[in-house]
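First the structure, in the form of structure tokens, and then the observations on it.
The values are calculated or read from the model by the stated rules, or taken from the named source; none is laboratory data. Since this is a predicted model, take the numbers as computed values, not measurements. Quick reminder, even Gly has a Cβ in these numbers, built from the backbone with ideal geometry, and neighbours come from all protein chains shown. These area figures cover heavy atoms from the full protein model, side chains too; ligands, DNA and RNA do not enter into them. Shrake-Rupley method; radii C 1.70, N 1.55, O 1.52, S 1.80 Å.
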Amino acid sequence: MEVTQVLFNAQSIDGTVRKNAEESLKQFQEQNLPGFLLSLSGELANEEKPIETRKLAGLILKNALDAKEQHRKFELVQRWLSLDATAKSQIKACLLQTLSSPVFDAHSTTSQVIAKVAGIELPQKQWPELIGSLLFNVHQIPAYAKQATLETLGYLCEEVSPDVIDQDQVNKILTAVVQGMSASEGNIDVRLAATRALYNALGFAQANFSNDMERDYIMRVVCEATLSPEVRIRQAAFECLVSISSTYYEKLTPYIQDIFNITSKAVREDEEPVALQAIEFWSSICDEEIDILEEYGGEFTGDSDVPCFYFIKKALPALVPMLLETLLKQEEDQDQDEGAWNIAMAGGTCLGLVAQTVGDDIVPLVVPFVEENITKPDWRQREAATYAFGSILDGPSPENLIPLVNVALTFMLSALTKDPNSHVKDTTAWALGRIFEFLLGSAVDLPIITQANCQQIVTVLLQSMKDTPNVAEKACGALYFLAQGYEGEGEPSPLTPFFQEIAQSLLTVTHREDVGDSRLRTAAYETLNEVVRCSTVETAPLVLQLVAVIMMELHNTLESQKLSSEEREKQSELQGLLCGCLQVIIQKLGSSETTKYAFMQYADQIMGLFLRVFACRSATVHEEAMLAIGALAYATGADFAKYMPEFYRYLEMGLQNFEEYQVCAVTVGVVGDISRALEEKIVPYCDGIMTQLLKNLSSNQLHRSVKPPIFSCFGDIALAVGEYFEKYLMWAMSALQSAADLSTHIAGDDELVEYTNSLRNGILEAYSGIFQGFKNSPKTQLLITYAPHILQFLDGIYMEKDMDDMVMKTAIGVLGDLADTLGNHASSMIQQSVSSKDFLNECLSSEDLLVKESAQWAKLAISRAISV
């Protein structure tokens with residue numbers, strides 16, 4: 001097979017030629033994988049071949065070794081490992097040869113492929129000679145070979161974890177990289193490749209950073225690189241500093257003064273990409289110190305071993321003025337562009353983090369800047385003053401801020417309506433939102449909003465919703481936080497008299513002509529939802545009136561015929577927003593008996609609309625409509641049964657949607673809602689649902705995050721159908737046991753621990769539902785055989801000591817359920833269990849009230865079981 005021609009055709013503009021070429025490549029790969037990979041690596045290594053085909057050959061090779069989806073990645077790794085050893089050696093030889101290619105695209109693609117192979121082989125103790133050959137290559141004469149090798153070392157450090165490479169080789173890699181970075185390296189590309197490689201290698205340098213001499217050397221070279229004449233090297237060097245600030249925070253003391261000087265010079269004088277990283281360094285230090293102070297609760301004695309060095313507090317007098325200067329470097333169109341990021345925005349973000357880090361100390365440093373600039377004729381000064389004020393509202397104490405806010409409020413409301421500049425209005429509306437977000441609510445004794453000024457605030461915000469889309473969106477945001485500030489307050493909210501006017505204005509915004517181009521419509525619906533969610537009993541009749549309005553809007557979206565694909569996407573987005581709005585209204589009206597009764601007259605029509613939304617099938621709508629149906633099932637209770645014959649097929653479709661796994665997870669949650677609503681009336685649908693759920697669990701195509709909710713759902717179904725669950729017991733228990741075994745011996749990063757805890761929680765909720773469902777039934781005997789394994793699972797998670805409060809509460813609850821349902825059959829098993837007594841005592845003395853309550857109930861159930 002002439003691979004060059006096929007690779008050439010695969011990039012053809014002619015669709016048929018391209019399709020045929022892709023088909024040939026696919027067949028070649030399926031019929032002879034070693035030959036396929038060998039011919040690609042040969043193509044990549046051959047200097048006589050055209051660059052386009054070499055580059056594509058490298059890309060296909062890389063994709064044959066790695067994939068985004070976990071299950072696919074695992075398959076590719078296994079496939080490579082089981083490949084014939086001779087073929088692998090030849091492919092790797094071709095790759096190493098291509099690193100010295102003078103053609104940039106060839107050697108740069110190869111760097112990535114070598115790193116992917118290393119990521120598979122090094123953890124398996126294969127390809128031990130790789131790092132040696134790369135280090136030999138670093139000393140080659142042509143600069144491009146050196147550059148390619150440093151790039152490869154960088155990618156390699158990204159692919160493998162630090163424990164895979166021994167310290168001796170780590171030292172050699174770091175030496176090569178740091179030498180490549182030093183000012184004596186004449187070639188810019190080599191120096192840049194080395195600086196970027198260091199960024200990836202920093203995680204490997206733990207031992208080197210603990211050695212003063214080595215650390216000083218690395219820091220000196222990084223700081224020197226921030227002064228390179230080449231902007232890309234300066235940017236990469238600052239990126240290294242940002243990474244060092246979080247990875248090696250506790251080692252920074254000797255360097256912090258120098259770093260301050262370098263960063264402040266860069267922020268004031270350098271090009272934007274460099275200045276942004278220099279600001280990011282201080283934001284990163286803030287993040288570290290906020291985490292440390294939160295973890296240690298801020299109550300430490302002077303000599304305690306808390307690893308906080310208060311770098312931000314010490315730098316305040318110089319750091320704050322530097323950040324305030326950046327606020328004046330706005331861009332003309334930054335409010336229109338959603339993804340905008342520039343020096344002024346980075347400076348304001350950093351200022352906000354500084355406020356969270358040092359609290360009250362920042363106020364006297366910022367207030368004079370605000371007072372001096374807020375009335376200046378130049379819009380940049382007014383906007384910067386407003387941005388500075390809004391940035392420091394989260395961190396300092398309310399006692400310190402509220403007097404300032406009370407002075408500023410009238411001025412800000414007037415600026416929001418009268419300032420001639422749209423930027424200033426945009427930032428003013430944002431800052432008002434921050435005032436409402438951080439300083440309203442029950443925690444603060446000094447009211448900002450009184451009956452007196454509430455009218456003015458609402459009037460100004462509603463008026464601003466008619467302004468340009470970006471100002472209107474920020475005004476919606478401010479109203480959102482204003483409504484949230486009075487949630488669950490018991491006494492009537494000052495917003496109650498304005499409910500109708502607010503709802504009407506928000507609905508008007510959703511119909512603006514220019515609403516399509518920005519996030520404005522979404523913001524208006526989100527705000528309406530929040531206003532409804534936080535509304536009080538007095539406004540319930542008005543919420544009820546909204547039902548018909550939103551139903552009509554949803555009905556109208558279903559009427560439009562023959563849409564283009566772009567219009568269809570917009571329509572589907574709008575249906576999602578409307579279904580979301582109905583969900584909030586249903587939850588609100590369904591939460592009290594009086595309003596629920598009035599709402600029921602609409603239930604059939606609403607369900608009819610949701611079913612029509614499903615019929616014009618698109619994933620986003622599907623998800624929002626599904627969530628709304630969950631709320632409807634909860635509100636209608638057993639009456640929901642009448643919708644099941646028509647709804648069931650969509651439920652099944654949702655459960656089968658592995659591609660959009662969020663849709664699948666939402667549907668699993670709705671099965672739980674429906675089980676709770678229908679109780680035994682769900683029985684006719686259980687066979688289909690349980691079969692599909694068990695199928696989902698055994699599939700390796702389904703995203704792992706959907707598995708914990710499936711287990712919880714077993715518990716909901718068992719609780720709903722009681723002893724009828726016997727039919728599925730064997731299958732469900734077998735799935736639960738294998739998942740339980742998997743979830744006990746897991747060491748890993750925080751993300752894995754978090755997932756493991758959610759998996760355990762799902763498993764425990766299933767056990768709990770099953771025990772409670774079988775309680776007082778003649779068939780409880782069926783559960784006795786499973787009890788020892790469940791107790792062993794509880795022992796296992798107790799011994800591992802890494803469960804969160806959520807799992808603790810559910811686990812101790814399961815111990816109680818087991819005792820409660822099995823009675824005296826459980827007593828000897830519980831008494832023999834390794835840790836149930838210690839576990840119970842630990843939960844009884846927990847700080848968490850929910851854990852404590854759960855434990856007190858379990859104690860009662862156990863003592864009843866033992867005394868029988």
- Query: Can we say VAL354 is among the β-branched types (Val, Ile, Thr), touching a residue at least 60 places away in the same chain (Cβ under 8 Å), in a helix (DSSP H, G or I) and crowded, with 20+ Cβ neighbours inside 10 Å?
  - Reply: yes
- Item | Every residue from segment 52-103 that is open to solvent by 70 Å² or more (accessible area, probe 1.4 Å) and outside any helix (DSSP H, G or I) | LYS68, GLU69, SER82, ASP84, PRO102
- Task: Inspect segment 676-694 for any residue being within 18 Å of PHE610 (Cβ to Cβ), part of a helix (DSSP H, G or I) and among the aliphatic types (A, V, I, L, M) and give the result as yes or no.
- Result: yes
- Hits in segment 558-586 - residues which are of a type in the set (A, V, I, L, M, F, W, C) and exposed (fewer than 14 other Cβ atoms within 10 Å of the Cβ): LEU558, LEU563
- Query: Of all residues in segment 661-681, which are open to solvent by 30 Å² or more (accessible area, probe 1.4 Å), over 16 Å from ASP639 (Cα atoms) and touching an Asp or Glu at 6+ places or on another chain (Cβ under 8 Å)?
  - Reply: GLN662
- If you scan segment 774-792, which residues turn out to be over 19 Å from SER827 (Cβ atoms) and crowded, with 23+ Cβ neighbours inside 10 Å? none
- Message: Residues that are in contact with a Ser or Thr (Cβ under 8 Å, 6 or more places away or on another chain): list the helices (runs of 4 or more DSSP H) wholly contained in segment 191-257 that include at least 2 such residues.
- Response: 212-225, 231-247
- Item | Given (1) under 30 Å from TRP127 (Cβ atoms); (2) of a type in the set (S, T, N, Q); (3) in contact (Cβ under 8 Å) with a residue 40 or more places away in the chain, index of the condition THR226 fails | (1)
- For segment 140-159, the count of residues that are surrounded by 17 or more Cβ atoms within 10 Å (Cβ to Cβ) and under 14 Å from TYR199 (Cα atoms) equals 9
- Item | Among residues of segment 436-459, those that are modelled with pLDDT of 95 or more and surrounded by 21 or more Cβ atoms within 10 Å (Cβ to Cβ), counted | 1
- Task: Would you check if THR496 is in contact with a helix residue (DSSP H, G or I) (Cβ under 8 Å, 6 or more places away or on another chain), at pLDDT below 95 and either of a type outside the set (S, T, N, Q) or open to solvent by 50 Å² or more (accessible area, probe 1.4 Å) (or both)?
- Result: no
- Message: Checking the conditions here, which among ASN200, ASN137, ASN211, ASN171 is over 18 Å from TYR248 (Cβ atoms), open to solvent by 10 Å² or more (accessible area, probe 1.4 Å) and not β-branched (Val, Ile, Thr)?
- Response: ASN137
- Query: With ILE812, ILE790 as the choices, which residue is β-branched (Val, Ile, Thr), farther than 20 Å from GLU853 by Cα and under 34 Å from the mean Cα position of the chain (by Cα)?
  - Reply: ILE790
- Task: Go through segment 678-698 and give me each residue that's closer than 20 Å to HIS622 by Cβ and of a type outside the set (Phe, Trp, Tyr).
- Result: GLY688, ILE689, GLN692, LEU693, LYS695, ASN696
- Note on the structure: When (1) of a type in the set (D, E, K, R); (2) within 19 Å of ALA628 (Cβ to Cβ); (3) within 26 Å of the chain's Cα centre (by Cα) are applied to ARG519, the one that fails is (2)
- Task: Return a yes/no flag: does segment 632-643 have any residue that is free of Cβ contacts under 8 Å to residues at least 24 places away in the same chain, in a helix (DSSP H, G or I) and of a type in the set (D, E, K, R).
- Result: yes
- Considering every residue within segment 518-531, establish whether at least one is open to solvent by less than 10 Å² (accessible area, probe 1.4 Å) and at pLDDT below 95. yes
